[in-house]
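The values are calculated or read from the model by the stated rules, or taken from the named source; none is laboratory data. Keep in mind the model is a prediction, meaning the values are calculated, not measured. Quick reminder, even Gly has a Cβ in these numbers, built from the backbone with ideal geometry, and neighbours come from all protein chains shown.
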Amino acid sequence: MRDFFTVLIGKTVRALAKLRGGGSAFPGLVIEKVDPGFLARALDRLPLGVVVVSGTNGKTTTSKIVVELLESTGLRVFTNSTGSNFSRGVIAALLQRVNLKGETDADIAVLELDEAHAMYFIAQVKPKYTLLLNVLRDQLDRFGEIDTTAKFLSNIAMATTDTLVVNREDPLVRAIGEKVLAEHSSVRVKQFGLSENLLKMFPSDAELHGSDGSPLGSRPSAGDADVILTEVGLQSATFEVAGAPYTTDLKLEGVYNTFNAAAALVLVRQVCGSEVETPALIDALSYVKPAFGRGERIELDGLPLELVLVKNPAGFRLALESFEPEGFATMIAINDNSADGRDISWLWDVSFESLATFGVDTVTGIRAWDMALRLEHDGVAFRAVIEPLDTALNEFRAHSQGLPRRIYCTYTAMLELRKLIAKQTKVENVW
Amino acid sequence: MTRELVVAQLYPRDMNIYGDNGNVLAVLRRAEKHGLSVRKITVNPGDKMPTDVDIVIGGGGQDSGQTRVHEDLLAKQAQLRDLAESGTPMLMICGLYQLFGHWFRTHTGEEMAGISVLDVTTSAEEKRLIGNIVTDSGLFGEIIGYENHSGQTFLGEKSTPLGRVLVGEGNNAKDDTEGARSHNVIGTYLHGSLLPKNPAITDFLISTAATRRFGEFESAVIDDALVERARESAKRRPR
Ligand SMILES: [Zn+2]
């Protein structure tokens, strides 16, 4: 009966908020007040439980891959698409899916969990499956310390009831796996990893500026991984799944998106068990498109335009290593709004030398001049520095006719650029 | 043959968190523009501290990084103090700024001994001081950067502040000082990175080092238009 009233109130508030054009998390706020247990009860009813995806980089892409792979096996998946206030957002999304008895039609939930909201969430809901991607310098503005972030992820891992999936190549995340293994014998711990030849492309944050800022080559890999990424081509990859190699075409681009796919494969294999054949999963993976702004391809003037989100040194570095600059016109858009992080020191931890040969066309964004200064220090030429994104985009477009284009952008720059581009060409609403 | 300066980067493996590599890179590029070349030596825990060194630069780190370098730093303290007292220019940011003082008191009340090159003491506080910061230094003009620290630092009589805070917090939440200087050693909480956007400090490090080694320094005329634009846009940003 409790659910009936809560859902009724929630749906009513939601309808009213919609009429007034209010925020999507508002109904969630109301439900948290009138029925604090609603979230836990609704998620507890899901027959296959809750999957949590966390880590500093790649949560959105990885969650999207997990969702689409699970759906390819016929499961109905509940997921949270955006994150303002996490729990309220999830409640608001649940309200759209539940009937008046508080039941959803979903079999399983896949939730992208921000470290900042983790403690509050796991106090209410224990994830059955948790996937931990990495601990990278991303959110120092909010937490001050990487060590703190690692602690948050460790707490999520310790609250997990069935299976924990960890990145074998990230020392902090791997250590969390080892801790859970030692202290929770009932929880399975599975790893995803990289082959020796790909390791050098994935610096951990601590190694990022090892003595010379150069990649340090291989680090010790401990233990077997369920899925290993062994080769990355241009929109293709080879995964070793339980020891057997599978090569496939991909719509995902770049080494880090592809590594996220390896993580998603491990998790989905754990959820589905032996019921699903690996070739079918690999086939489903080949259709997954990148998440909004994560290496997204748009068509402009009959040519591809790639939006590549960069938000921390490791991510930017990986993006530069993933995408070949030759033949592309390049723009870089750096904002320092609070959603981007106000501190732009991290630009100095990325080497831009790979852009030196072909140069950068336009540098834009609120901190365009800082970015230009950074490029100058690496001997990278640029054609123009134009702070306003709209003018910059027009100029960039005019100066790059006949070439495919690539824009590296921080989060809020990406949102604005996407809006501007949508006025001139069709931009698919991926998520 | 171009004249060469030797720059030692202290603990880049553990103390590198706020774009500290940018400071070394800025010295390198700026020295080139002045017609000098730079040889970089990295000093990690366990490595020997070079004796023949012209500039020493160090950065900030996690609590865990600070713990890892602490013992090694104490082992090198006599040598670092000699270098400082003989006039070697140094730049220490955030974590190493703190450890170049007398002591650092952690959140749990433990006292980590510093190496007393700077006359400062630091205590960890609950509130982090985070955000864009502008200070007025007199000698180096306005210094522009970003601060992010929970340690609050107070100066003794033998060190002078690097600057007076115009926007931001600086050394602590109580007075308006930022950073500290003794001999030719500069300690500061500003990163961002500091040197690329504050070439007056870079020039100070280079000219002091060059004068000490070669007996003279001839400054080149450098076009700083790009730096000026970056400084202007940084100054406009909210805290
Ligand atoms: Zn700092």
Sort out which residues of the stretch B:218-231 are free of Cβ contacts under 8 Å to residues at least 12 places away in the same chain, more than 22 Å from the chain's Cα centre (by Cα) and closer than 17 Å to A:Leu373 by Cα, and write them in order of number.
B:Asp223, B:Ala225, B:Leu226, B:Arg229
Would you confirm, using the coordinates I've provided, whether A:Leu267 is in contact with a helix residue (DSSP H, G or I) (Cβ under 7 Å, 6 or more places away or on another chain) and either assigned by TED's automatic domain parsing to the domain that holds A:Trp348 or modelled with pLDDT under 85 (or both)?
no
Please verify whether A:Asn134 is closer than 23 Å to A:Gly28 by Cβ and either modelled with pLDDT of 85 or more or assigned to a helix (DSSP H, G or I) (or both), treating the condition exactly as stated.
no
Scope the stretch B:15-32; condition facing another protein chain (nearest Cβ under 10 Å) and part of a helix (DSSP H, G or I); matching residues
B:Asn21, B:Gly22, B:Asn23, B:Val24, B:Leu25, B:Ala26, B:Leu28, B:Arg29, B:Arg30
If you check A:Asp370, A:Asp378, A:Asp336, which single one turns out to be buried (at least 22 other Cβ atoms within 10 Å of the Cβ), more than 20 Å from the chain's Cα centre (by Cα) and among the acidic types (Asp, Glu)?
A:Asp370
For the list (1) more than 14 Å from chain A (Cβ to nearest Cβ); (2) under 30 Å from B:Glu125 (Cα atoms); (3) touching a Ser or Thr at 6+ places or on another chain (Cβ under 8 Å), I need the number of the one condition that B:Ser219 fails.
(2)
Every residue in the stretch A:382-405 that is more than 17 Å from A:Gly327 (Cβ to Cβ) and of a type in the set (A, V, I, L, M), please.
A:Ala384, A:Val385, A:Ile386, A:Leu389, A:Ala392, A:Leu393, A:Ala398
Hey, can you tell me all the residues within the stretch B:199-216 that are touching a Lys or Arg at 6+ places or on another chain (Cβ under 8 Å), away from every other protein chain (no Cβ under 11 Å) and either closer than 16 Å to A:Arg374 by Cα or not aliphatic (A, V, I, L, M) (or both)?
B:Thr202, B:Asp203, B:Arg213, B:Phe214
Condition first: buried (at least 23 other Cβ atoms within 10 Å of the Cβ), within 11 Å of chain A (Cβ to nearest Cβ) and under 26 Å from B:Lys158 (Cα atoms). Can you find one or more residues in the stretch B:47-58 that meet it?
no
Report yes if A:Leu300 is modelled with pLDDT under 95 and either within 28 Å of A:Lys419 (Cα to Cα) or crowded, with 21+ Cβ neighbours inside 10 Å (or both), otherwise no.
yes
Test set (1) surrounded by fewer than 16 Cβ atoms within 10 Å (Cβ to Cβ); (2) in a strand (DSSP E or B) - B:Leu139 fails condition number
(2)
Can you name the helices (runs of 4 or more DSSP H) wholly within the stretch B:36-125 that have at least 3 residues being within 16 Å of the ligand (Cβ to nearest atom)?
B:63-75, B:95-99
Boolean, A:Arg383 is in a strand (DSSP E or B) and touching a helix residue (DSSP H, G or I) at 6+ places or on another chain (Cβ under 9 Å)
yes
Answer residue from the stretch B:146-185, given it is of a type in the set (Asp, Glu) and under 25 Å from B:Leu10 (Cα atoms) and is farthest from the ligand (Cβ to nearest atom) among those
B:Glu178
Give me the residue from the stretch B:2-14 that is within 14 Å of chain A (Cβ to nearest Cβ) and of a type in the set (A, V, I, L, M) and, out of that set, nearest to B:Gln66 (Cα to Cα).
B:Leu10
Being crowded, with 20+ Cβ neighbours inside 10 Å, under 21 Å from A:Ala237 (Cα atoms), assigned by TED's automatic domain parsing to the domain that holds A:Thr61 and at pLDDT 80 or above narrows A:Leu199, A:Leu194, A:Leu172 down to just A:Leu194
Determine which member of the set A:Ile366, A:Ile407, A:Ile421 is out of contact with any Cys (no Cβ under 9 Å at 6 or more places or on another chain) and at pLDDT below 95.
A:Ile421
